[in-house]
Amino acid sequence: MTKITPYQRNIHYYETDQMAIVHHSNYIRFLEECRMYYMEQWGIPYEKIEAAGILIPVLGVDVKYKQAIRFGDTIEISQRITRFSQVKFAVEYEIRNAKTQELHAIGSSEHAFVDSKLAPVRLKKDYPEIYTALSSCFDSGRAEPCM
């Protein structure tokens, strides 16, 4: 089994303000990119979940800024699943400088599983294969592929 590495990305000029510091709104995008990266690495890309008729809206998100990220930096984002049930899950994140490992921000997000009418989906009952795959990935925040 291959170990999943933290998500990395370079900071682009358009993501910064006049001081060359990443604008606060971009942190939310970074967290979403990280979630999509982990799901794909686990072998359950979001496209596969959507094809089954499941959507994963954000119920809440929070970011605490510790140190500015600047144009030209490369960041590394790790995530840990803190809660998982058949209808919801929660994630915690750390955003660090990829070279120095300096902590730039910590974040969290909470999500639900719903159908196209935004009604809650009970994964275990309605989509047992997806529930099994997700629950094995999200077990105690494990960051290994689901295969």
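Annotations for the structure displayed:
- Summary value for the chain: 29 percent relative contact order, contacts being C-alpha pairs under 8 angstrom separated by 6+ residues.
- Extending 7 Å from Cα along the Cβ direction at Asn97 and again at Val58 yields two label points whose distance is 2.6 nm.
- C-alpha long axis of helix 128-138 to longest principal axis of the chain, angle in °: 30
- Averaging Cα coordinates gives a centre for the range 6-53 and one for the range 85-121; these two points are 11 Å apart.
- DSSP-assigned coil residues among trypsin sites (Lys or Arg not before Pro) in the range 1-32, each with at most 12 further Cβ atoms within 10 Å: Lys3
- The convex hull of the Cα atoms of the chain, projected and averaged over all directions, covers 9.1 nm².
- Pairs of lysine residues in the chain - Cα separation under 22 Å, sequence separation of 8 or more or cross-chain: 12
- Over the chain: helical MRE at 222 nm, DSSP H runs n ≥ 4 each giving -39500 (n - 2.57), nearest 500: -7500 deg cm²/dmol
- Ranked for footprinting exposure by Cβ neighbours inside 10 Å, fewest first, Cys137, Cys34 give Cys137, Cys34.
- Cleavage-rule hits, trypsin sites (Lys or Arg not before Pro), the range 73-115, DSSP coil, Cβ neighbours within 10 Å at most 12: Lys99
Every read-out reported here was derived from the displayed coordinates using simple, explicitly stated rules and does not represent laboratory data. Everything numeric here is computed off the predicted structure, so don't read it as measured data. Heads up, the Cβs are rebuilt from the backbone with ideal geometry, glycines too, and the neighbour counts pull from every protein chain shown.
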